[in-house]
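All remarks here apply to the structure that follows.
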Amino acid sequence: MTCPICAEETDPKYRPFCSRRCADRDLGKWLSGSYAIPSEEPEDVEKALEEAERAKHGPH
């Protein structure tokens, strides 16, 4: 099995990653919102559109 971040061989201690560094990079992607689970729920779509509109116009 290879690390999903850098494609090196995994280390059983950090599986499925090869190192603490790659595990931390993956966590950082989750925390920053780089990873997202798509939703088609109307409430989620409306909320996303509102947030995008606020970001587009900046703080008031």
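With the structure loaded, tell me whether K56 is of a type in the set (K, R), under 16 Å from the mean Cα position of the chain (by Cα), in a helix (DSSP H, G or I) and modelled with pLDDT under 95 or whether it fails that test.
So K56 fails the test.
Name the single residue that is surrounded by the most Cβ atoms within 10 Å (Cβ to Cβ) among those in the stretch 11-42 being assigned to a helix (DSSP H, G or I) and either in contact with a Phe, Trp or Tyr (Cβ under 8 Å, 6 or more places away or on another chain) or of a type in the set (K, R) (or both).
Once the filter is applied, the top-ranked residue is C22.
Does the stretch 19-39 include one or more residues that are among the acidic types (D, E) and at pLDDT below 95?
no
Restricting the first residue to the stretch 3-24 and requiring it to be within 15 Å of Y35 (Cβ to Cβ), which pairs with a second residue that is surrounded by 13 or more Cβ atoms within 10 Å (Cβ to Cβ) and basic (K, R) meet a Cβ separation below 6 Å and a spacing of at least six or different chains?
Close Cβ pairs satisfying both conditions: I5/R25.
Of all residues in the stretch 3-60, which are in contact with a strand residue (DSSP E or B) (Cβ under 8 Å, 6 or more places away or on another chain) and hydroxyl-bearing (S, T, Y)?
Of everything in the stretch 3-60, just one residue is in contact with a strand residue (DSSP E or B) (Cβ under 8 Å, 6 or more places away or on another chain) and hydroxyl-bearing (S, T, Y), namely T10.
The values are calculated or read from the model by the stated rules, or taken from the named source; none is laboratory data. If you're wondering where the values come from, they're calculated on a predicted model, not measured in any experiment. When we count neighbours, we look across all protein chains shown, and the Cβ atoms used for this are built from the backbone with ideal geometry, even at glycine.
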